[in-house]
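The values are calculated or read from the model by the stated rules, or taken from the named source; none is laboratory data. Source: prediction; values computed, not measured. Positions of Cβ are backbone-derived with ideal geometry, glycine not excepted, and every protein chain shown enters the neighbour counts. Side chains included, ligands, DNA and RNA excluded: accessible areas come from the protein's heavy atoms. Shrake-Rupley method; radii C 1.70, N 1.55, O 1.52, S 1.80 Å.
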Amino acid sequence: MSEKMLEQARQKNVYDAIFHTGIEPFLSESDDCYDLVLAADVLIYFGPLDVVFKKVAQCLNKGGMFAFSVERLEVGTYVLQPSTRYAHNEDY
């Protein structure tokens with residue numbers, strides 16, 4: 001997110017914390033554990049998902065859930081589309 005978007009979020013004064021970092025560094029540096037990690041319209045910017053999934057798994061409480069969205073790819077594992085967003089196959 002851009003600094004301008006983060007400033008707008010700060011002005012709403014509804015968030016406990018706001019971080020300007022990538023998902024992998026954030027999860028690597030976090031000592032917190034979560035019941036839910038939600039990645040809506042995030043994983044479309046990643047081809048391989050192995051590292052993200054591993055880091056999320058390390059930060060989930062027992063019984064926690066990782067909910068995410070991806071763009072569907074019918075054949076293959078993942079591909080960068082002309083839109084510059086990745087699509088992933090369900091089996092991947």
Hey, any hits in the stretch 9-16 for a residue that's open to solvent by less than 80 Å² (accessible area, probe 1.4 Å) and part of a helix (DSSP H, G or I)? yes
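Of the residues Val37, Val52, which single one is touching a residue at least 24 places away in the same chain (Cβ under 8 Å), surrounded by 13 or more Cβ atoms within 10 Å (Cβ to Cβ) and either polar (S, T, N, Q) or not in a strand (DSSP E or B) (or both)?
Values: Val37 fails: either polar (S, T, N, Q) or not in a strand (DSSP E or B) (or both).
Being touching a residue at least 24 places away in the same chain (Cβ under 8 Å), surrounded by 13 or more Cβ atoms within 10 Å (Cβ to Cβ) and either polar (S, T, N, Q) or not in a strand (DSSP E or B) (or both) holds for just one of Val37, Val52, which is Val52.
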Against the definition (open to solvent by less than 70 Å² (accessible area, probe 1.4 Å) and touching an Asp or Glu at 6+ places or on another chain (Cβ under 8 Å)), how does Gly22 come out, yes or no? no
Collect the residues in the stretch 63-92 that are under 14 Å from the mean Cα position of the chain (by Cα), exposed (fewer than 14 other Cβ atoms within 10 Å of the Cβ) and among the hydrophobic types (A, V, I, L, M, F, W, C), keeping them in residue-number order. Met65, Ala67
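Condition check ((1) closer than 23 Å to Met1 by Cβ; (2) out of contact with any Phe, Trp or Tyr (no Cβ under 8 Å at 6 or more places or on another chain); (3) in a helix (DSSP H, G or I); (4) hydroxyl-bearing (Ser, Thr, Tyr)) across all residues:
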site	(1), (2), (3), (4)
Thr21	yes, yes, no, yes
Glu24	yes, yes, yes, no
Gly47	yes, no, no, no
Glu74	no, yes, no, no
Thr84	yes, yes, no, yes
